[in-house]
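Student: One structure is given below, represented as structure tokens, and several questions about it will come after.
Each reported figure results from applying straightforward, stated rules to the coordinates on display, with no laboratory input. Note that the structure is predicted; figures quoted are calculated from it, not measured. When we count neighbours, we look across all protein chains shown, and the Cβ atoms used for this are built from the backbone with ideal geometry, even at glycine.
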Amino acid sequence: MKIKRVLSVTKKEFIHIKRDKPSVIMAIIAPVIMLLVFGFAVSTDVNNVRMAISDQSNSAESRNLIQSFENSYYFEVYNLTDNPEKAEEMIDKGEAKAALIIPPDFAKEIRRGQKSTVQILIDGSDPSVARTAAAYAAMISNSFNIKLNNVRYKNPSVQSAAIEARSLVLYNPTLESSKFNVPGIVGLILQNITIILTAFAMVRERERGTIEQLIMTPVTSLELVIGKLIPYVIIGMYDFTIVLILSYILFGVVIKGSVLLLTILGLVFLIGALSMGMLISTFAKTQLQAMQASILFLLPSVLLSGFMFPREAMPKFVYAISTLMPITHFLIILRGIILKGVGIEYLISTTAALLAIIVIIIAVTVNKFTKKLD
């Protein structure tokens with residue numbers, strides 16, 4: 001073996017790498033981005049759980065209890081109302097993960113030395129958050145009891161309960177992980193397959209030399225995008241239907257809401273995912289670059305969308321990044337319709353955000369195609 005020949009091959013390979021600028025950028029910058037994003041995002045700690053509060057007592061005692069939840073690191077008071085139904089509606093909409101219901105006679109029972117019962121409603125669609133929130137609520141309630149006893153008896157050793165916090169888990173009372181994971185898997189399957197398929201669409205045309213034929217035709221960029229998306233839309237809807245059927249047969253996941261609404265919103269998300277794949281294919285020059293770019297997009301979407309880790313535990317800037325991903329909003333829609341059985345009136349804000357992101361992706365994709373066709 002001649003070292004000189006080895007070094008010659010090494011030099012030649014460095015020249016190839018230097019010419020492939022997208023791969024160089026990905027190799028140098030991607031690890032730093034992934035470390036920063038994943039280091040903050042990958043956390044199983046549950047804190048800042050948004051809590052709606054229904055204070056029907058409106059007394060000093062009830063305000064002290066609310067203050068105990070506000071001062072904790074675990075809960076973030078989202079909204080105050082005197083109507084328990086509105087508090088539950090906030091959970092339906094996904095605006096809050098828990099709700100504290102304080103009864104009208106809360107203060108009277110405490111002043112009489114009787115035990116008063118408050119109710120903690122918990123969104124069971126995410127079992128890990130639900131278990132932790134229930135434990136935190138019980139801990140804060142016990143701490144509040146101790147404070148009341150210390151004030152009343154001036155004796156820390158007296159531990160007689162003043163309030164009792166009863167937790168009620170909604171949507172998934174048994175806290176089965178499959179009911180939380182399977183809808184998320186449905187969304188990820190739909191996204192990953194369609195993006196990878198379409199990411200190679202324009203690259204394949206370019207490598208085969210047929211892109212020139214498209215340039216010579218009178219087809220517009222929008223017509224080109226739509227024409228290329230239609231076959232993959234059909235394939236994607238077939239996959240979506242099959243996965244939902246198998247989810248019911250194998251895991252017992254029943255769609256509690258409207259199947260028609262789920263299908264329509266699934267089609268909307270599918271178009272967005274396909275457009276994202278098409279956008280990747282316009283930037284990539286080779287199929288290898290298309291695959292690299294797809295992985296660079298798909299991996300963060302898995303970790304930041306709330307599929308694996310609670311978004312409540314993420315720093316604000318990482319949380320903001322996650323809201324820019326279509327899959328984040330689609331997972332909320334999937335779990336809302338499949339697990340909670342909510343209608344479009346509870347998903348308006350999420351659907352609007354999803355549509356806005358998809359419109360932007362499609363606009364950028366069409367614009368990029370226009371530049372190529374010109």
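Student: Amide H to amide H, which residues 5 or more places from residue 164 or on other chains are under 5 Å from it, using H placed in the peptide plane?
Tutor: 116, 117, 118
Student: If you restrict to DSSP beta bridges whose two residues both lie in the chain, what percentage is antiparallel, to the nearest 5?
Tutor: That works out to approximately 15 percent antiparallel.
Student: Can you tell me the relative contact order of the chain? Whole percent, Cα pairs under 8 Å, sequence separation 6 or more.
Tutor: Taking the mean separation of contacting Cα pairs over the length of the chain, I get 19 percent.
Student: Ranked highest first by the average count of other Cβ atoms within 10 Å around their residues, in what order do 49-55, 257-263 fall?
Tutor: My ranking of the peptides, most packed first, is 49-55, 257-263.
Student: Past the 26 angstrom mark, what percentage of all C-alpha to C-alpha distances in the stretch 49-170 do you count?
Tutor: Of all Cα-Cα pairs in the stretch 49-170, 16 percent lie more than 26 Å apart.
Student: Mind jotting down the three principal axis lengths of the chain based on Cα atoms? Whole angstrom, largest first.
Tutor: Principal extents (largest minus smallest coordinate, Cα): 87, 57, 38 Å.
Student: What residues have an amide H closer than 5 Å to that of residue 49, excluding those fewer than 5 places away on the same chain, when H is modeled at 1.01 Å from N in the peptide plane?
Tutor: 75, 76
Student: Still on this model: What is the diffusion coefficient of the stretch 176-373 in µm²/s, taking the Kirkwood radius over Cα pairs and the Stokes-Einstein relation at 20 °C with a viscosity of 1.002 mPa s?
Tutor: The diffusion coefficient I find is 123 µm²/s.
Student: What are the ³J(HN,Hα) values, in whole Hz, obtained from phi via the Karplus relation 6.51 cos²θ - 1.76 cosθ + 1.60 with θ = phi - 60°, for each residue of the stretch 322-338 in sequence order, with x given for Gly and Pro?
Tutor: 5, 6, 8, 9, x, 5, 4, 6, 5, 5, 5, 5, 4, 6, x, 7, 6
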